[in-house]
Amino acid sequence: MNNLFNEIVNEIKRFLSKDPCNRMDTGEADGKGHSPFDAAERIWDEPLIGAARGDDSIFETFHEFVDAAHWLPHEALASGGFAAKPDEVSVISWVLPQTKATKDDNTKETTTPSERWARARFFGEEANTKLRLHIAEFLNKNGVDTVSPVDLKDWKRVESGRFVIFSNWSERHIAHACGLGTFALCDGLITPVGKAARFGSVVLRARLSPTSRPYARYDEYCIYKTKKLCGVCIKRCPAGAISENGHDKRKCAAYLNDMAKVYTKEHFGFATPACGFCQTGVPCASGIPGSK
Ligand code: SF4
Ligand code: SF4
């Protein structure tokens, strides 16, 4: 089934290269009546893509580390109306890396997000949604039952006692399962192309070869977690939401909702929870710290 994996990889890359949704200048009003960006500038750079088997035991561990309500892959597929056994199912996950221009812009900021970063958060996430739905449609049309879990009506993000907020399909956990990265002090996912990225996935009824997970620990790439080095994201966070104990989701959410959405609406013409200070101007922004 590696031919199918290669076809999916090619379709994801083709979509990101050709579809106008992956353009920094979306033609949308930017609050100033113009866009300062080149029409050809991409929001997302070349993606990284991985796969996992539906019967991989790592998915069961998410019941402990995310929530008991986190879907197993075959449960997500069933929620979309396709019954299948765990070993008949696979997951495809992708990393959408921020471009150098976006990271450079946000690195210069200290309290409020740059316009490029805000556009990537708002229009880039719309592009990510469009990509998920496009890949699901592409596979369904080719006779492979597929769902985009976060677009299913039963997908939910809710308050949880232990982890404050959880969703029943966590894109970062799925990317971790697909060999694409490990968790950071700030709860982001450090990938081989860095932490400045967003994530997406689909579940399909097919047996794909899994991508290897080249890590033994869930937090192996964060050098604060493994060696007590770095901690730069603690200083970068404008909300004081990161400490040596980890990420305070309530403080982070307060900054994103009370400050970032208001600021982006006022300055760029759309309200979005953009921040990204823990993903830019840090040693893990564009790669695994210490790997080069
Ligand atoms: S900036 Fe440093 S401490 Fe923070 S997540 Fe990255 S490697 Fe870990
Ligand atoms: S997203 Fe912003 S507020 Fe939240 S932890 Fe990262 S730097 Fe802090």
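The values are calculated or read from the model by the stated rules, or taken from the named source; none is laboratory data. The shown structure was predicted, so the numbers you read here are calculated from the model rather than taken from an experiment. Cβ coordinates were reconstructed from backbone atoms using ideal geometry, including for glycine residues, and neighbour counts include every protein chain displayed. These area figures cover heavy atoms from the full protein model, side chains too; ligands, DNA and RNA do not enter into them. Shrake-Rupley method; radii C 1.70, N 1.55, O 1.52, S 1.80 Å.
Quick notes on this one:
- Within the range 279-292, residues that are farther than 13 Å from Lys100 by Cα and β-branched (Val, Ile, Thr) reach partners that are at pLDDT 95 or above and within 6 Å of ligand 1 (Cβ to nearest atom) with beta carbons closer than 7 Å, at six or more positions or on different chains, in the pairs Val282/Val232; Val282/Cys233.
- Looking at Arg207, Arg250, just one residue is more than 16 Å from ligand 1 (Cβ to nearest atom), of a type in the set (D, E, K, R) and more than 29 Å from Thr107 (Cα to Cα), and that residue is Arg207.
- Only one of Ser35, Ser17 that is modelled with pLDDT under 95 and of a type in the set (S, T, N, Q): Ser35
- The residue that is farthest from ligand 1 (Cβ to nearest atom), among those in the range 268-292 that are open to solvent by 40 Å² or more (accessible area, probe 1.4 Å) and at pLDDT below 95, is Lys292.
- Pairs, first among the acidic types (Asp, Glu) in the range 235-252, second within 14 Å of ligand 1 (Cβ to nearest atom), C-beta under 6 Å, six or more apart: Asp248/Ala241
- Just one of the listed residues (Thr182, Thr112, Thr211, Thr191) is closer than 28 Å to His247 by Cα, among the hydroxyl-bearing types (Ser, Thr, Tyr) and in contact with a Gly (Cβ under 8 Å, 6 or more places away or on another chain), and it is Thr191.
- Arg213 meets all of the listed conditions (1) within 14 Å of ligand 2 (Cβ to nearest atom); (2) of a type in the set (Lys, Arg); (3) in a loop (DSSP other than H, G, I, E, B) but one, namely (1).
- Meets criteria (in a helix (DSSP H, G or I), closer than 27 Å to Thr264 by Cα and either at pLDDT below 95 or in contact with a Lys or Arg (Cβ under 8 Å, 6 or more places away or on another chain) (or both)) for Thr129: no
- Flag if Arg205 is basic (Lys, Arg), within 21 Å of Gly81 (Cα to Cα) and open to solvent by less than 60 Å² (accessible area, probe 1.4 Å): no
- For the condition touching a Pro at 6+ places or on another chain (Cβ under 6 Å) and among the aliphatic types (A, V, I, L, M), Ile242 does not qualify.
- Taking the criterion of being farther than 16 Å from Ile190 by Cα, open to solvent by less than 30 Å² (accessible area, probe 1.4 Å) and not hydroxyl-bearing (Ser, Thr, Tyr), the residues of the range 243-267 that qualify are Ala253, Ala260.
- Residues that are surrounded by 13 or more Cβ atoms within 10 Å (Cβ to Cβ) and in a helix (DSSP H, G or I), drawn from the range 7-21: Glu7, Ile8, Val9, Glu11, Ile12, Lys13, Phe15, Leu16, Cys21
- Restricting Leu131, Leu189 to residues that are open to solvent by less than 70 Å² (accessible area, probe 1.4 Å) and within 14 Å of ligand 1 (Cβ to nearest atom) narrows the list to Leu189.
- Residues in the range 225-239 that are more than 14 Å from ligand 2 (Cβ to nearest atom) and open to solvent by less than 80 Å² (accessible area, probe 1.4 Å): Lys225, Thr226, Cys230.
- Test for Lys195: is it within 14 Å of ligand 2 (Cβ to nearest atom), of a type in the set (D, E, K, R) and crowded, with 20+ Cβ neighbours inside 10 Å: yes
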